[in-house]
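The values are calculated or read from the model by the stated rules, or taken from the named source; none is laboratory data. Quick caveat: nothing in here was measured; it's all calculated off a predicted structure. All Cβ positions, glycine included, derive from the backbone under ideal geometry; neighbour counts span all protein chains shown.
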Amino acid sequence: MALLYRVTLSGIKGFFRVYKINGSSTLYSLHRQLRSDLEFPQDQLILFKALDADGNVVARYGLFDLGDGAVDDVTMAQTRAKGIVSFVYFYDVASKKSVNIAFDGETPEAAPSPTIVEAKGPNPIEFEKGYVAFEDLPDEKRRLPGEERKRTKLEELLDIRLDDEDDEDEDDEEEGEEEEDDDAPEEVYDESENAIF
């Protein structure tokens with residue numbers, strides 16, 4: 001039997017990973033796999049802040065024993081026995097960069113090492129660079145290519161047509177072009193220019 005843990009980013013719907021982990025695996029093996037899969041920096045101190053069902057901090061686990069044990073001594077089964085249901089995993093303590101790891105159930109399948117069984121979205125570094133997932137877009141900007149833009153609540157209240165502004169802009173451009181043509185000097189064709197002597 002293996003345990004399932006869901007890795008998420010706070011406030012971002014467009015990212016998650018679900019890991020299958022053997023109960024005898026240590027937090028260190030999970031840390032190594034997360035660092036590899038999610039491209040976290042390798043030269044940073046890490047911290048697992050363990051939380052119970054009420055969201056209270058139960059323990060803190062680091063590379064060094066912080067009072068509750070070091071990550072290479074604590075197994076996933078031991079954390080479950082302590083009533084730990086989630087972690088805030090700081091992959092870069094100095095910069096306070098973290099992901100959330102929550103218990104997501106059990107599976108009868110074995111897991112020799114932490115393995116991704118489900119994934120959505122790019123790695124967290126992409127969100128830091130400005131990537132915005134479709135699910136995280138505001139409602140007025142959320143549309144598929146070729147789909148018409150939905151009216152905002154303000155537009156509905158004011159009963160504004162979406163195409164009015166675009167049509168007016170196009171009309172202004174066309175009028176501007178016509179006016180330019182009216183101001184241009186009139187060309188006069190002189191037949192003698194093309195006459196053959």
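Condition check ((1) among the aliphatic types (A, V, I, L, M); (2) more than 28 Å from the chain's Cα centre (by Cα); (3) surrounded by 15 or more Cβ atoms within 10 Å (Cβ to Cβ)) across all residues:
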position: Arg32; (1), (2), (3): no, no, yes
position: Arg35; (1), (2), (3): no, no, yes
position: Gln42; (1), (2), (3): no, no, no
position: Asp52; (1), (2), (3): no, no, no
position: Val57; (1), (2), (3): yes, no, no
position: Tyr61; (1), (2), (3): no, no, yes
position: Ala70; (1), (2), (3): yes, yes, yes
position: Thr75; (1), (2), (3): no, yes, yes
position: Ala81; (1), (2), (3): yes, yes, no
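Would it be correct to say that Glu128 is closer than 30 Å to Ile46 by Cβ, at pLDDT below 85 and exposed (fewer than 12 other Cβ atoms within 10 Å of the Cβ)? For Glu128, the condition - closer than 30 Å to Ile46 by Cβ, at pLDDT below 85 and exposed (fewer than 12 other Cβ atoms within 10 Å of the Cβ) - is met.
Looking across segment 88-115 at every residue that is closer than 17 Å to Ser36 by Cβ and loosely packed, with under 14 Cβ neighbours inside 10 Å, the one that is modelled with the highest pLDDT is identified as Ser113. Residues that are assigned to a helix (DSSP H, G or I) and without any contact (Cβ under 8 Å) to a residue 12 or more places away in the chain were ranked within segment 67-100; the one that is farthest from Tyr28 (Cα to Cα) is Ala81. Sub-6 Å Cβ pairs linking a first residue in segment 106-127 that is outside the structural domain of Gln33 (by TED's automatic domain parsing) and in a loop (DSSP other than H, G, I, E, B) to a second residue that is at pLDDT below 85 and not small (Gly, Ala, Ser), at least 6 apart or interchain, number zero. Taking segment 1-26 on its own, how many of its residues are at pLDDT 90 or above and outside any strand (DSSP E or B)? Residues flagged as at pLDDT 90 or above and outside any strand (DSSP E or B) within segment 1-26 amount to 3.
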